[in-house]
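Structure first, commentary second.
Quick note: the coordinates plus some simple rules give every number you see, no bench work behind them. Because the structure is predicted, anything quoted here is derived from the model rather than measured. Note that we place each Cβ from the backbone using ideal geometry, even for glycine, and neighbour counts take in every protein chain shown.
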Amino acid sequence: MTRRSFLGLVGCGGCAAALLAFGLLRKRERKGFDFGDNTLVAYFADGTEWTSRERGVKPLVDAIDGMRERFAGAMCYDRVVGRAAAFLYVKLGVSYVFAPVMAKGAVAILKRHGIEPSFDLEVPGIRNRANDGPCPMEHAVREIADTDVDAAVAAIRAQMERLRQSTMTGQNLV
């Protein structure tokens, strides 16, 4: 198990549940939450920690497919959250999402579904990695209503498959 530091304490992450009960973790995440090499950190209701180093929305889609029930009520810390990621967090049933950068549309989706958003910087939208257009996942959900979570998840999966195919054929869809 990876040892992590919270509020100056070092531990396995199991103490996070106790800290959450007192609201201590939420008050301090903006003042130096340490992702380390991770792109996503989740704290489950039982106090255990789950991390991912994968980029984009892939770890969230994988979580929906393999461990959705574990995420119910979880607190998640992500590096960047746009509308696509927000829809996936709704599908997972988390209770709280923090990201240093969060899109305005993501904030609206999370709030609409009873998930507490927290961020350092709210931006109009999320850009692609080349910074020459919108993120392809954001583009995939651009026309989907904030309430249509299943349609958004289907659109994200379809876009992931298109991107996978384009990578295999050498096309650039981004």
Spin-label pair residue 58/residue 161, simplified geometry with 7 Å Cα→Cβ offset, distance in nm:
1.8
From the Cα centre of segment 93-130 to that of segment 47-72, the distance in Å is 17
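Under a Cβ-Cβ cut-off of 14 Å, what is the net charge of the residues other than residue 71 that fall near it, where Lys and Arg count +1 and Asp and Glu count -1? Intermediate results must be reported in sequence, preceding the final value.
Numbers: positive: 68, 70, 91; negative: 46, 49, 62, 65, 69, 78.
It works out to a net charge of -3.
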Using alpha carbon coordinates only, what is the Rg to Rh ratio of segment 83-139, with Rh defined as the Kirkwood radius?
0.97
Relative frequency of Cα-Cα separations exceeding 17 Å in segment 125-174, percent:
39
So for segment 28-174, using the alpha carbon gyration tensor with a ≥ b ≥ c as root eigenvalues (a/c under 1.5 gives rounded; past that, a/b versus b/c decides prolate or oblate), I'd call it rounded
